[in-house]
Amino acid sequence: MVRVRTIREAASYFREVDPDTCLSETAIRRLIRSGIVPSARVGRKYLVTVESLEAYLSGAIQSPVKTQTVKTRRIE
């Protein structure tokens, strides 16, 4: 069964499992916004599965390597 939580609920879940966790609401929000962890937006809330966060933390999901984009302009 998939366990779907809001960002706040997911952070609370991980604090219950591991009181010394560094996974905060802000950290989860950054993972979602960067696209590393999949989520669904319902109204104003983002929903994330506990399984996807656990997969990221276990190393099953690799964070994408950011490439630097260079803007060029024409010199006349």
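Brief remarks follow.
- A dipole drawn for the chain from +1 and -1 charges on Cβ atoms has a positive end, and of Val2, Gly59, Leu31 the residue lying farthest that way is Leu31.
- Prolate/oblate/rounded call for the chain, Cα gyration tensor, a/c under 1.5 rounded: prolate
- Annotation: amide H-H contacts under 5 Å for Ile61 (H modelled 1.01 Å from N, sequence separation of 5 or more, or interchain): Tyr56.
- Projected label points at Arg44 and Val17, each 7 Å from Cα along the beta carbon direction, are separated by 2.9 nanometres.
- Cβ charges +1 (Lys, Arg) and -1 (Asp, Glu), total dipole of the chain, debye: 640
- Full extension of the segment from Glu54 to Arg30, taken as 0.36 nm per residue of separation minus the current Cα-Cα distance, would add 7.1 nm.
- Nitroxide proxy distance, nm - points 7 Å out along Cα→Cβ at Glu76 and Arg3: 6.2
- Neighbours of Ala55, meaning other residues whose beta-carbon lies under 15 angstrom from its beta-carbon, give a summed charge of 0 when Lys and Arg score +1 and Asp and Glu score -1.
- With respect to the chain, whose longest principal axis is taken over its alpha-carbon atoms, helix 7-17 is tilted by about 50°.
No value in this document is a laboratory result; all are computed from the given coordinates. All figures in this text were calculated on a predicted structure; none of them were measured in a lab. All Cβ positions, glycine included, derive from the backbone under ideal geometry; neighbour counts span all protein chains shown.
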